[in-house]
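The values are calculated or read from the model by the stated rules, or taken from the named source; none is laboratory data. Predicted, not measured: the structure shown is a model, and the values here were computed from it. Cβ placement follows ideal geometry from the backbone for every residue including glycine, while neighbour counts extend to all protein chains displayed.
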Amino acid sequence: MVKLLLQFPEQYGVRALTRNPSSPAAKRLSDKGVEVFKGDLTDPATLSAAFDGCWGAFVVTNFYDSVSRPSAAASHFLRSTDDS
């Protein structure tokens, strides 16, 4: 998805949310033009800045990560994008 969207910089800005923006994977994304934000879907306070002004989101969680609770992560994501 990222590679495709990066082909259209006039239409799309691409952001990534990660718990570790200093990781090699996050650095590689940043080097390609992705705007990397520090955040965690299980911590709602870290989401507002990352999703501010976004038109859409493609959200992936690591289901097997002991830190991640998929239902809570989805709930926090949805609340962070609520315009009301």
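Details
The rows are residues; the columns are (1) surrounded by fewer than 14 Cβ atoms within 10 Å (Cβ to Cβ); (2) within 24 Å of Leu4 (Cα to Cα); (3) modelled with pLDDT of 85 or more.
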site	(1), (2), (3)
Asn20	yes, yes, yes
Phe37	no, yes, yes
Thr46	no, no, yes
Phe58	yes, yes, no
Asp65	yes, no, no
Ser68	no, no, no
Asp83	yes, no, no
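- Residue selected from segment 11-31 under the condition outside any helix (DSSP H, G or I) and among the polar types (S, T, N, Q), by the criterion farthest from the chain's Cα centre (by Cα): Gln11
- Candidate set from segment 1-18 (those that are under 18 Å from Leu41 (Cα atoms) and in contact with a Leu (Cβ under 7 Å, 6 or more places away or on another chain)); member that is surrounded by the fewest Cβ atoms within 10 Å (Cβ to Cβ): Ala16
- Residue that is modelled with the lowest pLDDT [pool: residues in segment 4-13 that are out of contact with any strand residue (DSSP E or B) (no Cβ under 7 Å at 6 or more places or on another chain) and within 10 Å of Gly33 (Cα to Cα)]: Pro9
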